[in-house]
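Take a look at the structure set out below.
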Amino acid sequence: VEKKSKSEFSNLCRDADFVFIETEPYNVRNSLKLANMVKQSGESTSIVYGTAPSMNPSFFTKYFDFVIQTGHWENAVETLLSDKNLFIKKATNGIYSINIPIPSKDWPHPPLDLLPIKEYFNISGEEQLEINVQKGCVFNCSFCAEKSLIPRHEIYHRDPDNLVEFINNNHGKSFYIDATTFSYNKEWAIAVCDAIINTKKSVSWKTVTRIDSLDEKLVKKMSEAGCHKIGFGIETFSKKLQNKIHKPVDYNKARYISDMLKDNNITPRAFLILGIPGQTAQDVYFTQEKIEEMGMEYRWKEYVPFEKIPFIKDIAGFDEFERQTYAFHNIPNMTRDDYIKLLEIKR
Ligand code: SF4
């Protein structure tokens, strides 16, 4: 979010012992450019982590000193900073893949005093802080990268008191409580709500979960704790496509939950996918119509074929992946303009 000149960036790298670069499938080329600048700037050690290196670690070993493959990257970072020799010993050919979660009470908080947080707020237009509370997922949606980051089918949680400490330290802000499925473990979700209620402060937050893991008792509790919006991966209402992506979402259940949330002053929001293989314009508009019928907020997002990433061999392959995935998926009977218009909808 900060505009830094090349020389300012080089100076930062020159003064640093370690430079960590998060890399996603849509920014691989830029990430490699940065890695090159780190190398040219001096002696600092470059480390890459994120979805792309998790899925194709050996590609990144050519450009970085170390690749963190595990999604429990905080643990890897801590090992590296506290004992570099131990980290090197545990890394195989420069790839650190040890999947040990951090204890629930020790999940770190972002160092807000070190971040250009005002610039972030200016871009987003609101004073909202994001904090991650879950890693891993027990579900198996074919389009989702979570299982590559955290391969075991398990969900790890931030301790509710640890979360509340962050909220208390940032009173007055709103929060995006980032979760894979917030309400999967209802006991934990209730404990989070109770911990927030016990602060006796008015806290405004939103989160993400699945339609099939909510019930009325929990919805009421979330509302009491200040939750004002819940996002759901509805993806599509086409049964054929739901089977393809291993994500069944029942229309009647979605409608029931949507109404229940509204009755409890929570705005329901649907995430929809554009470009699922086999999707037609008819599927797309059918899903959108159903969501509008329910009065849900929604946004479309492009389908990402993560399963192709492990097979990409060179930078041209990542460029091609980026072009095919993020520019335009060819959907029968849909023009490029209509496709782009759908991605621009913000409701
Ligand atoms: S439920 Fe959500 S996090 Fe879990 S696999 Fe599906 S999309 Fe990914």
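The values are calculated or read from the model by the stated rules, or taken from the named source; none is laboratory data. From a predicted model like this one, the values you see are computed outputs, not experimental measurements. Here Cβ is always computed from backbone atoms with ideal geometry, including for glycine, and neighbour counts include all displayed protein chains.
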- Query: What residue, among those in the stretch 178-187 that are within 16 Å of the ligand (Cβ to nearest atom) and farther than 16 Å from SER124 by Cβ, is surrounded by the most Cβ atoms within 10 Å (Cβ to Cβ)?
  - Reply: PHE182
- Message: Checking PRO110 against (1) in a loop (DSSP other than H, G, I, E, B); (2) within 16 Å of the ligand (Cβ to nearest atom): exactly one of these is not met. Which one?
- Response: (2)
- Within the stretch 37-92, the residues that are in contact with a Leu (Cβ under 8 Å, 6 or more places away or on another chain) and touching a residue at least 60 places away in the same chain (Cβ under 8 Å) are THR51, SER54, THR70, GLY71
- Query: Counting only residues that are touching a residue at least 40 places away in the same chain (Cβ under 8 Å) and more than 16 Å from the chain's Cα centre (by Cα), which one in the stretch 152-165 is surrounded by the fewest Cβ atoms within 10 Å (Cβ to Cβ)?
  - Reply: ARG152
- Of those in the stretch 179-235 that are in a strand (DSSP E or B) and among the aliphatic types (A, V, I, L, M), the residue farthest from ASP161 (Cα to Cα) is ILE234
- Residues of the stretch 236-258 being more than 14 Å from the ligand (Cβ to nearest atom) and in a loop (DSSP other than H, G, I, E, B), in sequence order, are PHE237, SER238, ASP250
- Message: Which of the numbered conditions does ASN162 fail, given that it passes all the others? Conditions: (1) within 16 Å of the ligand (Cβ to nearest atom); (2) in contact with an Asp or Glu (Cβ under 8 Å, 6 or more places away or on another chain).
- Response: (1)
- Item | Residue among LYS3, LYS33, LYS39, LYS62 that is surrounded by 16 or more Cβ atoms within 10 Å (Cβ to Cβ), more than 30 Å from PRO103 (Cβ to Cβ) and of a type in the set (D, E, K, R) | LYS39
- Query: Tally time: how many residues in the stretch 258-301 are under 13 Å from ILE230 (Cβ atoms), in contact with a strand residue (DSSP E or B) (Cβ under 8 Å, 6 or more places away or on another chain) and not hydroxyl-bearing (Ser, Thr, Tyr)?
  - Reply: 10
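THR79 - would you say it is surrounded by 14 or more Cβ atoms within 10 Å (Cβ to Cβ), of a type in the set (Val, Ile, Thr), in a loop (DSSP other than H, G, I, E, B) and out of contact with any Cys (no Cβ under 9 Å at 6 or more places or on another chain)?
no
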- In the stretch 118-149, residue surrounded by the fewest Cβ atoms within 10 Å (Cβ to Cβ) [restricted to those that are assigned to a helix (DSSP H, G or I), within 19 Å of the chain's Cα centre (by Cα) and away from the ligand (no atom under 16 Å from the Cβ)]: ILE123
- Item | Residues located in the stretch 211-237, provided they are hydroxyl-bearing (Ser, Thr, Tyr) and surrounded by fewer than 20 Cβ atoms within 10 Å (Cβ to Cβ) | SER213, SER223
- Message: Looking at the stretch 277-304 only, could you name the residues that are closer than 19 Å to GLU344 by Cβ and in a helix (DSSP H, G or I)?
- Response: ALA281, VAL284, TYR285, THR287, GLN288, GLU289, ILE291, GLU292
- Query: Does at least one position in the stretch 188-210 carry a residue that is at pLDDT 95 or above, closer than 18 Å to ILE257 by Cα, of a type in the set (Lys, Arg) and within 20 Å of the chain's Cα centre (by Cα)?
  - Reply: yes
- Enumeration of residues in the stretch 303-347 that are among the small types (Gly, Ala, Ser), at pLDDT 95 or above and loosely packed, with under 14 Cβ neighbours inside 10 Å: ALA316
- Has the stretch 230-238 got at least one residue that is within 22 Å of ILE155 (Cβ to Cβ) and of a type in the set (Ser, Thr, Tyr)? no
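Going by the conditions given, is ALA52 buried (at least 23 other Cβ atoms within 10 Å of the Cβ) and small (Gly, Ala, Ser)?
Against the criterion (buried (at least 23 other Cβ atoms within 10 Å of the Cβ) and small (Gly, Ala, Ser)), ALA52 qualifies.
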- Note on the structure: Matching residues in the stretch 190-222 (within 19 Å of ASN132 (Cβ to Cβ) and either within 15 Å of the ligand (Cβ to nearest atom) or of a type outside the set (A, V, I, L, M) (or both)) number 9
